[in-house]
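Have a look at the structure below before the remarks.
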Amino acid sequence: MTDLVTMHTHSTFCGHAKDALSDVVDAAREAGVRVMAATEHYPVGDKIDPTGHSSMRAELLEDYCAAVLAERDRVSDMEILLGCELDWLGDDEERGLRPEDFDRFDIVLGSVHFVDGWLINGSRHAQRWETADVDAAWLRYIELWCEAAASDAPFTVMSHPDVVKKFAHYPSFDLAPHYERMAEAAAAGGRMIEVNTSGLFAPCEQMYPAPDLLSAFARAGVPCTVGTDAHKAAHAARGVQEAYDLMRAAGYRKLAVPGYGREVRFSDL
């Protein structure tokens, strides 16, 4: 049986997770996870996140990194990666990010959460979908995602590729050609992608990405890993075995397992 891994977890270092980092680590270990990445939301600044709810505050960054390394020392029978989840902000980017800012991270998740300032997967903003132009929102999301995937940003894994579907609002157009475009962008950027299990427990009731999108990634030769996107300790290993099944059905035979120093190994599924 393939070892359990999760490359996407959160703790109380961000404004919307529920449990301390040590509790997440302990829960993952007890569930049989062998490799876990702590991937706190990298600070986005007050312009994008004025309440501090969506990301980690900048003043906590050093404490967060130190805490992850302390957990690595505390738990010797599990690999604990120092990571972050970095938002692609498009035209709203003003953080002055430098490549060397991310050298210390073993894994950097690339995410599109904000579409022209709208937190499209945020529960506090879900009502906006009721009056939004759904087709336009999807097209803009896909455009930003492809920009991010093909960019020179320090992303190693593109997370929850179709999180735009979280609240089960779907476009009227055929997604197949857009899935191919997303797969081509990920391949061009040399990215990995993840099967993110949290979508199964969201209103869309489907993991990210959708099966057809995951199959497009597989055909394009884009390596794939798994993340639970846990915001509670109890969710640290939630759905990982089901994610492996989804990968196999999409055509994957190898699981990408990021490691220390951005080394990647592959395990049979």
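A few points about this structure:
- Antiparallel DSSP beta bridges within the chain, percent to nearest 5: 25
- The trypsin sites (Lys or Arg not before Pro) of the range 77-139 that meet both conditions, a loop assignment by DSSP and at most 12 other Cβ atoms within 10 Å of the site Cβ, are Arg104.
- Sorting Thr2, Thr9 by the number of Cβ atoms found within 10 Å of their own Cβ, with the fewest placed first, yields Thr2, Thr9.
- From most to least packed by mean Cβ count within 10 Å, the peptides 61-67, 262-268, 141-147 give 141-147, 61-67, 262-268.
- With 0.36 nm allotted per residue and the present C-alpha distance subtracted, the Asp63-Arg248 stretch has 62.7 nm of extension available.
- Taking Glu184, Glu30 and counting other C-beta atoms within 10 Å, the order from fewest to most: Glu30, Glu184
- Lysine pairs in the chain whose alpha-carbon atoms fall under 23 angstrom of each other, counting only those eight or more residues apart or on distinct chains, come to 4.
- Highest average packing first - 238-247, 46-55, Cβ atoms within 10 Å: 238-247, 46-55
- Here the sum of -39500 (n - 2.57) over DSSP H runs of 4 or more residues, divided by the residues of the chain, equals -8500 deg cm²/dmol at 222 nm, to the nearest 500.
A short reminder: the numbers here are calculations on the coordinates, not readings from a lab. Please read these numbers as outputs of a predicted model, since none were measured by experiment. Heads up, the Cβs are rebuilt from the backbone with ideal geometry, glycines too, and the neighbour counts pull from every protein chain shown.
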